[in-house]
1. Of the residues in segment A:63-122, how many are assigned to a helix (DSSP H, G or I) and closer than 20 Å to B:G68 by Cα?
2. Does any residue of segment B:79-89 turn out to be closer than 21 Å to B:L203 by Cβ and within 14 Å of chain A (Cβ to nearest Cβ)?
3. Examine segment A:83-101 for a residue that is of a type in the set (A, V, I, L, M, F, W, C), facing another protein chain (nearest Cβ under 10 Å) and buried (at least 17 other Cβ atoms within 10 Å of the Cβ), and state whether such a residue exists.
4. Cβ-Cβ distance below 7 Å, separation of 6 or more or different chains: which pairs start in segment A:67-82 with a residue that is more than 10 Å from chain B (Cβ to nearest Cβ) and within 22 Å of B:A184 (Cα to Cα) and end on one that is of a type in the set (D, E) and open to solvent by 10 Å² or more (accessible area, probe 1.4 Å)?
5. Of the residues A:D20, A:D29, A:D51, which is touching a helix residue (DSSP H, G or I) at 6+ places or on another chain (Cβ under 6 Å) and surrounded by fewer than 15 Cβ atoms within 10 Å (Cβ to Cβ)?
6. Take the residues in segment A:148-158 that are over 14 Å from A:I188 (Cβ atoms) and out of contact with any Ser or Thr (no Cβ under 6 Å at 6 or more places or on another chain); name whichever of them is least open to solvent (accessible area, probe 1.4 Å).
7. For segment B:5-33, how many residues are loosely packed, with under 13 Cβ neighbours inside 10 Å and over 19 Å from the mean Cα position of the chain (by Cα)?
Amino acid sequence: MHYGSSTQLLHQVKQGAQFDVFLSASPYDMEEMTDGGYTDASSVRTFIKNDLVLVTGDKETPEQPEAYLKQKGIGFLALGELNRVPLGVYTKKYLDREGIKTAAETTRVYGKDAFQVFRYVRVKQADAGIVYGSDARRTSYPYTPLESGSDIRYQLGVSRGAGVAAHDTADWLMSSEAMEMFREGGFIPAGEENVVWRNGGRR
Amino acid sequence: MAEWWTPVGLSLRVSVLSTLLVIITGTWAAFRMKKKAWKKRSWVEPFFMLPMVLPPTVLGFGLVYLFGRNGPLGQMLGLVDMHIYFSLSGAVLASAVVSFPLMYQSAKAAFQKVEDGYIHAARTLGTSEKKIFFSVILPLAWPGLAAGGLLSFARGIGEFGATLMIAGYIPGKTDTLPIAIYFAVETGEWAKAFGWTSLLLILGVTVIYTLNRITPGEGER
């Protein structure tokens with residue numbers, strides 16, 4: 001097992017690192033892996049999903065996240081850096097799609113990764129933040145789902161020319177046993193509709 | 001282009017302020033400790049030197065813990081409507097904390113070099129302690145103190161980890177050079193990062209060159 005950001009891992013594979021199964025948080029990196037002939041195109045599937053959520057540190061999170069984000073009284077709003085950090089790239093897409101411009105009084109603070117953005121809100125340094133739903137669910141943190149920010153897919157792909165064992169591992173990752181594990185980590189199994197949970201698990 | 005200079009200006013402001021802060025506190029602490037007995041000193045000094053051996057993330061966590069919105073000091077500042085987190089003062093504080101040991105160590109060495117004979121002589125002539133400090137000790141110790149100040153400046157301008165945790169990345173407000181460089185590299189803006197890196201390189205060489213000039217080793221003068 002070898003961890004790293006999808007892009008880092010992609011670079012390592014390009015440099016000749018060996019792998020059997022590649023799990024990617026970014027469809028672009030997976031595409032590059034397949035185009036480069038590293039992963040077998042027919043083995044690539046979405047195994048889990050994720051979404052963007054609004055967290056404010058309060059138990060009752062805003063009912064209308066879009067209206068909340070536009071208002072003046074936020075203070076510090078934590079976001080992933082919008083151009084490269086994956087969380088930020090998704091956030092930018094969401095803000096653009098909804099046409100949300102934060103008020104001039106709102107100071108945007110950018111984190112270098114999703115952990116940092118979530119931490120800024122958790123320690124109440126920031127007043128609100130847009131983070132991954134998985135981070136909020138895993139920690140039972142109250143949140144409001146951002147409905148048009150829900151198309152985040154994680155894909156897996158098997159190395160070209162890998163043996164049966166690699167394909168078995170990939171199949172296991174799609175099994176209900178593995179899905180239970182991912183669900184505990186706050187992710188949404190690929191076969192399921194995104195559930196609109198509010199406030200830390202209550203429907 | 002004006003945008004390119006913003007982090008440079010912010011970094012200079014942060015390092016100048018933190019260096020001033022550290023020169024005063026570091027010199028004062030070293031001078032006070034000089035008078036203390038060895039036993040007491042050996043207990044206090046490790047705390048002074050701690051920022052040098054701790055990872056910046058630990059210092060950042062400490063600062064967030066103390067000065068965050070819910071931290072004891074953060075709440076006190078909140079009463080007068082001030083905040084250190086997500087502001088340039090947070091960056092100044094982080095820089096000051098990491099460079100304090102360098103200043104303290106340099107000042108300590110500088111004071112140790114001042115021979116007691118001069119101080120005793122001044123004292124027998126009835127000079128006040130304050131005057132002894134400013135017109136006997138300081139002039140004799142200044143090369144070491146200046147070296148400490150320079151080192152603190154150079155260390156302070158490079159602070160990244162703790163700064164990002166407490167001051168955050170707010171473009172145009174808290175993006176000092178190391179933070180701006182980090183995000184420029186991450187977002188593939190290499191030309192920008194290259195320019196800033198060159199600037200820091202020139203600064204680093206200048207600082208070390210100047211250090212060698214003001215505190216020459218044996219037979220180098």
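The values are calculated or read from the model by the stated rules, or taken from the named source; none is laboratory data. Bear in mind that the values here come from a model prediction, so they are computed numbers and not experimental data. Reconstructed Cβ throughout: ideal geometry from the backbone, glycine too, with neighbour counts over all protein chains shown. The accessibility values were calculated without ligands, DNA or RNA, using every heavy atom of the protein model including side chains. Shrake-Rupley method; radii C 1.70, N 1.55, O 1.52, S 1.80 Å.
1. Narrowing segment A:63-122 to residues assigned to a helix (DSSP H, G or I): A:65-70, A:86-98, A:114-122.
The next check asks that each one be closer than 20 Å to B:G68 by Cα; those that pass are A:114-122.
Number of matching residues: 9.
2. Filtering segment B:79-89 down to residues closer than 21 Å to B:L203 by Cβ leaves B:88.
Next, from what is left, pick out any that are within 14 Å of chain A (Cβ to nearest Cβ): B:88.
Checked segment B:79-89: at least one residue is closer than 21 Å to B:L203 by Cβ and within 14 Å of chain A (Cβ to nearest Cβ).
3. yes
4. Partner pairs satisfying both residue conditions: A:L77/A:D127.
5. Of A:D20, A:D29, A:D51, the one residue that is touching a helix residue (DSSP H, G or I) at 6+ places or on another chain (Cβ under 6 Å) and surrounded by fewer than 15 Cβ atoms within 10 Å (Cβ to Cβ) is A:D20.
6. A:L156
7. Taking segment B:5-33 as the starting set, the residues that turn out to be loosely packed, with under 13 Cβ neighbours inside 10 Å are B:5, B:9, B:24, B:28, B:32.
From what is left, the residues that are over 19 Å from the mean Cα position of the chain (by Cα) are B:5.
Adding up the residues that qualify gives 1.
Yes/no matrix, rows are residues, columns are (1) over 30 Å from B:A193 (Cα atoms); (2) more than 14 Å from chain A (Cβ to nearest Cβ); (3) at pLDDT 90 or above:
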{"site": "B:E3", "(1), (2), (3)": "no, yes, no"}
{"site": "B:K35", "(1), (2), (3)": "yes, yes, no"}
{"site": "B:G62", "(1), (2), (3)": "no, no, yes"}
{"site": "B:S95", "(1), (2), (3)": "no, yes, yes"}
